[in-house]
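The values are calculated or read from the model by the stated rules, or taken from the named source; none is laboratory data. For clarity, every value in this text was computed on a predicted model and none was experimentally measured. For neighbour counting, all protein chains shown are included, and Cβ atoms are generated from backbone atoms with ideal geometry for every residue, glycine included. What goes into the accessible areas is simple: the full protein's heavy atoms, side chains included, and nothing from ligands, DNA or RNA. Shrake-Rupley method; radii C 1.70, N 1.55, O 1.52, S 1.80 Å.
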There are 2 protein chains.
Amino acid sequence: MYERIKGFRDFYPTEMQARRQVFDEVESTVRGYGFREIGTPAMEDAQLYIDKSGEEIVDELYSFEDKGGRHVALTPELTPTVARMVVAKQQELSKPIKWFSTRPFWRYEEPQQGRFREFYQTNVDIFGSAEPSADAEILAVAADMLRNLGLDAEDFEFRVSHRDILGGLLEAFEGEIATQQAIRAVDKSAKIETAEYHDLLVDAGLSYEQAREFDDLLDVDEDELDELIEFAGTDRIDEAVTNLRNVLAAAEDFGVREYCDLSLETARGLDYYTGVVFECFDSTGEVSRAVFGGGRYDDLIESFGGQPTPAVGFAPGDATLSLLLQRAGVWPEEELSTDYYVLQVGDTRPVAARIARELREAGNVVETDVADRSFGAQMNYADSVNAETVVIVGERDLENDEVTLKDMESGDQVQAPVSEFPGEHDRPTIEEFE
Amino acid sequence: MYERIKGFRDFYPTEMQARRQVFDEVESTVRGYGFREIGTPAMEDAQLYIDKSGEEIVDELYSFEDKGGRHVALTPELTPTVARMVVAKQQELSKPIKWFSTRPFWRYEEPQQGRFREFYQTNVDIFGSAEPSADAEILAVAADMLRNLGLDAEDFEFRVSHRDILGGLLEAFEGEIATQQAIRAVDKSAKIETAEYHDLLVDAGLSYEQAREFDDLLDVDEDELDELIEFAGTDRIDEAVTNLRNVLAAAEDFGVREYCDLSLETARGLDYYTGVVFECFDSTGEVSRAVFGGGRYDDLIESFGGQPTPAVGFAPGDATLSLLLQRAGVWPEEELSTDYYVLQVGDTRPVAARIARELREAGNVVETDVADRSFGAQMNYADSVNAETVVIVGERDLENDEVTLKDMESGDQVQAPVSEFPGEHDRPTIEEFE
C-alpha cells in the first residue's frame, strides 16, 4: 500500500545483525586509537554546503525551506558539520581533537550497485596536527579496521596521492589554469576515456599538449618523484613531495606501509582537500569503485571562521564496504542468535517468567511465549530464532519440581530441578544437569 | 559563522560518552528479551503520516518535495515505518515479530526542556500477539531497562490505561460523540484546566453534564473497575476491563506489577492505539512531562493493507529519559577514558608505534603522539583524556632497552624492559614491573 522511497533501504533483523557486527568492529577499531564518539544533527543550514562542498554535492542536496522559513539541507557529508563544531568550541577542546561517528547521510543521486540515496558512514577525523604522523595514523586506523574485519594485503590497497603535488604541477604550466577544475578532471580520469579526460583538462585552461604532459607526469613511480620537483622547480612541489615521503615513512612505522601505493591519478572529488589524499580499492578489481577515501583538509576550519587548524580524516561507507567484505567472503553470517527459549506448557507462566528473568540477569538473550501458543508452535519459533537451548516448563514436570532442558543442536534432553535452575549457572547447558 | 539549526543538538565527546552508555544499557536490556535490531529510512512518503498519525504530528512534519517530485517527510515517529515493513514481508517473518531500533526523529515543535526538533528514540515492538502477556512483556522490558539504568520503584511509575475502556464509556453516553477527539481531550487533561478540558469534551459531542460524569468515571481505583462495567453495561467494556486485569496479572508474573498504577486519565495522543496504553512518569514529579509511553495498536497493520496483526510497543526518548536519570542522580559521568598514552621523547616513533599497536591488539584504548609535541604538552594531553597509564618511550631509556611506565593516579613510575612490554600482559600496570 505504501512504498519505500527509491534509494532508501529497510534492514530486517538477519541482515541488520551482520551490519551491526561490521559497525561494531569498525567502531571498536577507531575507539582503540582514542577517537571519541560525537553526535551530530541530520540537518544544517543549506548555505554550509553551497559555500563549502563541491558543486557535485550541491546538485545532490536534499534541501528545502522549513516551517520557519530556513533554507535547510539534510547532511550529505559530515565534514562541514564537524568543522562547525570544532570552531564553536575551539578554545576548550584539547588538541589534537580525534572524533568519530557512524550515521546516515543523504544525497539525491541515481541509485546503483554500492550507491544509495541514504547511506551510512563512519567519519574519523584528527584536528590540530599538520604532522605526517597524523596522516599516517588515519591510514593505520583505516587498514586496522579492514584487517579486523578479516581482510589482508591481498584484498585491498590504498592509492595515495597529494593535492599539493597536483596543484604544484598545474601551477608550473604556462597559462591561466583553474586548479580545482583540473583536479576534478583528474578525479574523474579513471572513469572516462583519455580523450574526454584531456578535454576536461583543456576546459580547465591547459593546452592539449600540456594536458598530455600533465597526464604523463602523474604516471610516476615512487622513486621518480624527484622528476616532478625538477619539472616544476618550485618550493611548493619540493615540500609536497617531502611531505608525501614523510607520511609514507610514518605509515611504515605504524605497520601499514604495505597497503599504500603511490597513485597521483587519485584526486578525491571534494574541493576542500589540501595535502595527502587516498582511496581504498579492492585489489582484485571486482568492486570497481573506490571503497572509501580520505585525506587532509588544512584550510577548512579557518574558512569556517576558526583559527587555522590542520585536519585529516577518512570515512568508510556501508554500501561499498559491504561489497568488499562480501567479495572477500568475510561478510558476517546473516542469522539470528538466541541463548534460551523458555517454553510454557499449560499454566506455568510464573515459573517460566522467573527462569527467563534469571537467565536474562546473567546476560543471556532469552525469549519466552507471549502469544499463548502450542508446544509445537513454540518449538518452531525457538528453531526459527536459532535458540541454543529450550527450557520446557510443563505442568507435569513441575509436579515433580523439574524442568526439561533441550539442546537444539543435538536434540538431547535432560531434567533439571526447578529450584536449582538456573541457580548458580550463568549459562547452563544440558551437560551440567546430566 | 554558521549556526546550528534551532532545536537540533551537537553532542561533544564527554556528553556523548554518557549518552552512549545509556543507549547501550537500553539496547542490551531489550536484546536480552530477544528483540532484534532493524534499520529504517529517515524519510517516507508524507502520505503515510497524513493517513496514519494524529493531526498533531502532521502539523509538525518536516515535509517537502524532493528533486523527483515526491512529497516526502522526515520520519516523526517509527510506528508507520515498522508497520510498512511488517506488511512487506508478512509471510516470511516468524511470529511474534520482536523488533527494536535506536535512531533520530524530527518534528517541527517549539523546543523546550526535554523537547527538541531532532530527538532520539528506541522503539520496541511486538507484532503478532494479542495476548495480555505481550502487553506485560512490554511493561517488563521497559521496567527492566529503567532498573538496569539504576532506577527503582521510588523513582518511576507506569500509569496504565485502556483505550477500549475510554472508548466504551464514551460510546455508552447518548448523542453523537467523536471518540478520537474526546480521547485526545483526555490526553490533554493533565496539562490544562478542568473547565478547558470539559470544553474540549463538549466540542467532541458530550454535554457538560456528560463531560463531568465521564471525568468522574475515569477517576476509579482498580477495585472499582466493576462500576464502569455496570455503568456501560456492554460487552466491550466488560472485555476491556478483563483484558486490563489480565495484563496486570501477567505483569505480576513478570515481576513488574509494583511499577504499574491504574490511571484512566492517561490516553496517549496518537490515534492508532487500541487497547492497553501506558506512560512512564517520574515518581517525584520533578520531571513534569511523561518520560515515555507505549501501548497496543491492533488495527494499524491491517490499515496498511496487511493481514490483521495485533501489535504492542513502547519508545523511550533520549531527552526526557536523561531528565529522569539526572533527577535520580544516575546519569553516567561525562568524562573520557583512556587506557594508555604512549609518549614519545625524541625520535622513538617506531618503538612507540609497536607498543601502541600491541596494546590496542589486546583490546585497550591507546593514544600516541601524532602532533610532534613536547614532553609537557603530551603529558597535559594524556591528562586531559584521563589516561590511566603513560608509557614514556624516550631515547635515553631506549639506550638501556627500557621504557618508563607512569601511573597517572598515583604518579608512581617504574622502568620496564622494552622487549617485554607489553609482552604477555593484556593490560599491564606499573605493579607488574616493580
Across the identical copies, how the A:Q112 labels are spaced - nm, sorted shortest first, 7 Å along Cα→Cβ: 5.1
³J(HN,Hα) computed for each position of the stretch B:89-95 - Karplus, 6.51 cos²θ - 1.76 cosθ + 1.60, integer Hz, glycine/proline x: 10, 4, 5, 7, 7, 6, 9
Residue-averaged beta-carbon neighbours from other chains (10 angstrom radius) around B:263-270: 0
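Using R₀ = 51 Å, calculate the FRET efficiency as 1/(1 + (r/R₀)^6) where r is the Cβ-Cβ separation of B:K89 and A:Q47; round to 0.05.
0.80
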Orientation-averaged projected area, Cα convex hull of the stretch A:335-384 (nm²): 3.4
Options A:G376, A:N364, A:P332, ranked by Cα towards positive dipole end of the stretch A:235-377, top entry (Cβ charges): A:G376
In nm, spacing of pseudo-spin labels at A:K191 and B:E434 (7 Å Cα→C-beta vector): 6.1
Area of A:R103 that stays accessible when all protein chains are in place (1.4 Å probe, Å², to 10): 20
Where A:R360, B:R163 fall by accessible area, highest first, once all protein chains stay in place (1.4 Å): A:R360, B:R163
Order of exposure, largest accessible area first, which applies to B:S283, B:S337 with probe 1.4 Å: B:S337, B:S283
Shortest-first distances to equivalent copies, position A:D199, nm, label 7 Å out along Cβ: 7.0
For the stretch A:1-71 and the stretch B:363-386, distance of Cα centres in Å: 31
Closest approach to the A/B rotation axis among chain A Cβ atoms, residue and whole-Å value: A:F64, 2
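With a 1.4 Å probe and all protein chains left in place, how much of the accessible area of chain A comes from carbon and sulfur atoms, in whole percent?
Carbon-and-sulfur percentage of accessible area, whole number: 40.
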Relative contact order computed over the stretch B:338-433 (Cα-Cα under 8 Å; 6+ residues apart), in percent: 30
Dmax and Rg, reported as Rg then Dmax, of the stretch A:248-381 (C-alpha, Å): 26.2, 72
Spread of Cα-to-Cα distances over 10 Å intervals beginning at zero, given as percent, for the stretch A:13-327: 6, 26, 35, 25, 7, 1
Nm distances between copies for A:F375, ranked from closest, using label points 7 Å along Cα→Cβ: 7.6
Chain A: angle of helix A:208-218 to the longest principal axis, Cα-based, in degrees nearest 10: 50
Accessible-area value, B:V276, 1.4 Å probe, nucleic acids and ligands omitted, Å²: 10
FRET E, pair B:K6, B:T284, Förster distance 35 Å, beta-carbon r, rounded to 0.05: 0.70
Net charge, A:Y208 excluded, C-beta distance under 12 Å - Lys, Arg +1, Asp, Glu -1: -4
Solvent-accessible surface ranking, highest first, for A:H71, A:H198 at 1.4 angstrom: A:H71, A:H198
Average Cα contact separation per residue, the stretch B:241-343, under 8 Å, 6 or more apart, as relative contact order %: 17
Accessible area of A:T266 in the full protein assembly, 1.4 Å probe (Å², nearest 10): 10
Centroid-to-centroid separation of the stretch A:216-253 and the stretch A:420-434 [C-alpha atoms, Å]: 65
Rg in Å to one decimal, and Dmax rounded to a whole Å, for the stretch B:1-42 via C-alpha atoms: 14.8, 47
Highest-first arrangement of B:137-143, A:239-245, B:39-45, where packing means the average Cβ count within 10 Å: B:137-143, B:39-45, A:239-245
Helix A:13-32 axis, angle to chain A major axis (alpha carbon atoms, nearest 10°): 60
Average Cα contact separation per residue, chain B, under 8 Å, 6 or more apart, as relative contact order %: 16
For the stretch B:182-333, the fraction of alpha-carbon pairs in successive 10 Å shells from zero, as %: 9, 31, 38, 19, 3, 0
Accessible surface buried once B binds A (1.4 Å probe; total of both sides; Å²): 7800
Degrees, to the nearest 10: B:132-148 long Cα axis against longest axis of chain B: 30
Estimated FRET transfer efficiency (B:R245, B:E154; beta-carbon r; R0 30 Å; 0.05): 0.70
Rg over Rh [alpha-carbon atoms, Kirkwood Rh] for the stretch B:344-434: 0.91
Within-11-Å neighbourhood charge of A:D144 [Cβ basis; K, R +1; D, E -1]: 0
Projected area averaged over orientations for the protein assembly as shown, convex hull of C-alpha atoms, nm²: 40.8
Lys/Arg +1, Asp/Glu -1 at C-beta; the protein assembly as shown dipole; positive extreme among B:L201, B:M43, B:F11: B:L201
Linear extension gain, A:E56 paired with A:Q113, 0.36 nm per residue minus alpha-carbon span: 18.6 nm
222 nm mean residue ellipticity, helices alone, for the protein assembly as shown (DSSP H n ≥ 4; -39,500 (n - 2.57); rounded to 500): -11500 deg cm²/dmol
The stretch A:131-252 - convex hull of alpha carbons, volume per residue in Å³: 120
